[in-house]
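The values are calculated or read from the model by the stated rules, or taken from the named source; none is laboratory data. The structure displayed is predicted, hence computed values, not measured ones. With ideal geometry, Cβ positions are generated from the backbone for all residues, glycine too; neighbour counts draw on all protein chains shown. Areas reflect the complete protein model, heavy atoms only, side chains present, ligands, DNA and RNA absent. Shrake-Rupley method; radii C 1.70, N 1.55, O 1.52, S 1.80 Å.
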Amino acid sequence: MHILINSIVIGLLFIGLIFFTGGTLGILRMPDFYTRLHPAGKLDTMGLMSFVFAFCIYNLEHLTWDSLIVSLKMLLIVFFVSLSSPTATHAIVDAGIRAGLKPWTKKNKEG
Amino acid sequence: MKKVALIVVILCGAILIHATSEFPKWGEINSPASLHVSPYYIKYSVEQTDVPNIVTSVLADYRGFDTMFETTVIFCAGLACFLLLRIFNDKEEETESIFYRHIPSGIIIEFKNHEVDIRDEDFELIDSKFVPYDLIIKTVCRILIPFIQIFALYVVAHGDFSPGGGFQGGVILGASIILLAISFNLKTAIEKISEKTLGVLSAIGVFIYAGIGCLCLILKGHFLDYGKLAKILPIDPVKARAIGMLGVEIGVAITVMAVMIIIYINIASQGKHQEGL
């Protein structure tokens, strides 16, 4: 049981790490404003989600009422982040379009 | 004049930096703070104040004066922002401009005449106030704002048990109203909580803090000596200290919330309170 929980936790942390690394690379390497926002949004939702799931499961190893409550609070964080982070990305993109910033294309590289 | 001011600032800074050299070193075991002050708080704060969180008991009880004047400083910041930025001159109404964007080039053209109406596929009418109308943002903010406010109240009320307190809770409360102003528009936020209300609230917070202090004076104690509140509350003096701290935290939260919103509204609308982000 102990090994099972630990391996699940490690797997989830690893997935989160992949997403965080990819997201950070994307923010640094993508060519323009809109494309850079895309990895930033993914990083917040998917990376953080798998991290917090890992913490939840690790916290539930000694199953008591208190640890259950703490895990539920962590899941609430995931819920609110996954609600607000895509909305924030959407709002920033919307503001960029309204301000007249044109998306990057292969022909028009000024973006 | 600027040079004189610069010299004065540099001199003051030099004096302050010179004074820091007399301070005890970071983490010094033999400094007075580690020898007398911290052990006293760690030993007696729970039995004297009935507050599990030592930081809160130091902040709101042992050093209540400090926190009171911090609150006053925040009130003064809001007042200064209001006095510097607020413009009451509504008579000179600027002619409403209409903005069109030329889609292929991205150039934005401004028309000062009202009766311009371009119906070309290359041109697009842009909101002159630059207020984004967006269903997604509005809906999500409508869902989130109540939760943010509940969490703020939790932080305020739970300040004496866990990290948190008036300043943090007030900032979160203010941020929820600012989120309303950003996601809808400034007018909606001002309709919900008017300028007069904000001014009164920012003063009420400081008044609650100082009022609790004066109440202790009236009950024949020292200023901010919450233990004396036990004379009018049906609890023992130690519990009364926790209740006094809670009252003080609520005052701080009200001031911080109002000042946050005042600063945001005045800066975002450049003092006109009409349009903005």
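Report the chymotrypsin sites (Phe, Trp or Tyr not before Pro) located in segment B:1-49 that are in a DSSP loop and have at most 13 other Cβ atoms inside 10 Å of their Cβ, or state none.
Counting only loop positions with at most 13 other Cβ atoms within 10 Å, the chymotrypsin sites (Phe, Trp or Tyr not before Pro) in segment B:1-49 are B:26.
Of the GluC sites (Glu not before Pro) found in segment B:186-277, the ones in coil according to DSSP and having at most 16 other Cβ atoms within 10 Å of their Cβ are B:275. Potential lengthening of the chain between residue B:103 and residue B:188 amounts to 27.5 nm, from the contour at 0.36 nm per residue minus the alpha-carbon distance. Normalising the average separation of contacting C-alpha pairs (under 8 angstrom, six or more residues apart) by the number of residues puts the relative contact order of segment A:2-99 at 30 percent. Note on residue A:69 and residue B:139: their simple-model spin labels are 3.4 nm apart, each label 7 Å out from Cα toward Cβ. The simple spin-label model puts a point 7 Å past each Cα toward its Cβ; for residue A:79 and residue B:161 those points are separated by 2.0 nm. Computed from Cα positions, the angle between helix B:38-49 and the longest principal axis of chain B comes to roughly 90 degrees. Placing dummy labels 7 Å off each Cα toward the beta-carbon, the span from residue B:30 to residue B:111 is 8.2 nm. With a Förster radius of 22 Å, plug the Cβ-Cβ distance of residue B:77 and residue B:214 into 1/(1 + (r/R0)^6) and report the FRET value to the nearest 0.05. For R0 = 22 Å, the calculated efficiency reads 0.40. A helix-only calculation puts chain A at -26500 deg cm²/dmol for mean residue ellipticity at 222 nm, using -39500 (n - 2.57) for each DSSP H run of at least four residues, averaged over all residues. Overall, the accessible surface of segment A:2-99 at a probe of 1.4 angstrom is composed of carbon and sulfur to the extent of 79 percent.
The region of chain B that goes longest without hitting one of the trypsin sites (Lys or Arg not before Pro) in a DSSP loop, each with at most 10 other Cβ atoms within 10 Å, is B:120-219. With contacts taken as Cα pairs under 8 Å at a separation of at least 6 residues, chain B carries a relative contact order of 23 percent.
With a ≥ b ≥ c the root eigenvalues of the C-alpha gyration tensor of the protein assembly as shown, is it rounded (a/c under 1.5), prolate (a/b larger than b/c) or oblate? It is oblate, given that a/c is not under 1.5 and a/b is not larger than b/c.
For segment B:183-211, the residues whose amide N sits under 19 Å from a probe point set 7 Å from the Cα of residue B:223 along the beta carbon direction are B:203-211. If you take the Cα centroid of segment B:156-175 and the Cα centroid of segment A:1-74, the two points sit 28 Å apart. Quick check: from the Cα gyration tensor, does segment A:2-99 come out rounded (a/c under 1.5), prolate or oblate? Oblate shape, in that a/c is at least 1.5 and b/c is the bigger or equal ratio.
Within chain A, what's the longest stretch lacking trypsin sites (Lys or Arg not before Pro) that sit in DSSP loops with no more than 13 other Cβ atoms inside 10 Å?
Between the exposed loop sites, the longest stretch runs A:1-105.
Classification of segment A:1-52 by its C-alpha gyration tensor yields a prolate form. The axis ratio a/c (a ≥ b ≥ c) is 1.5 or more, and a/b outweighs b/c. Screening chain A for whole DSSP H helices with an alpha carbon extent of at least 18 angstrom along the helix axis and a mean Kyte-Doolittle hydropathy of at least 1.6 yields A:2-29.
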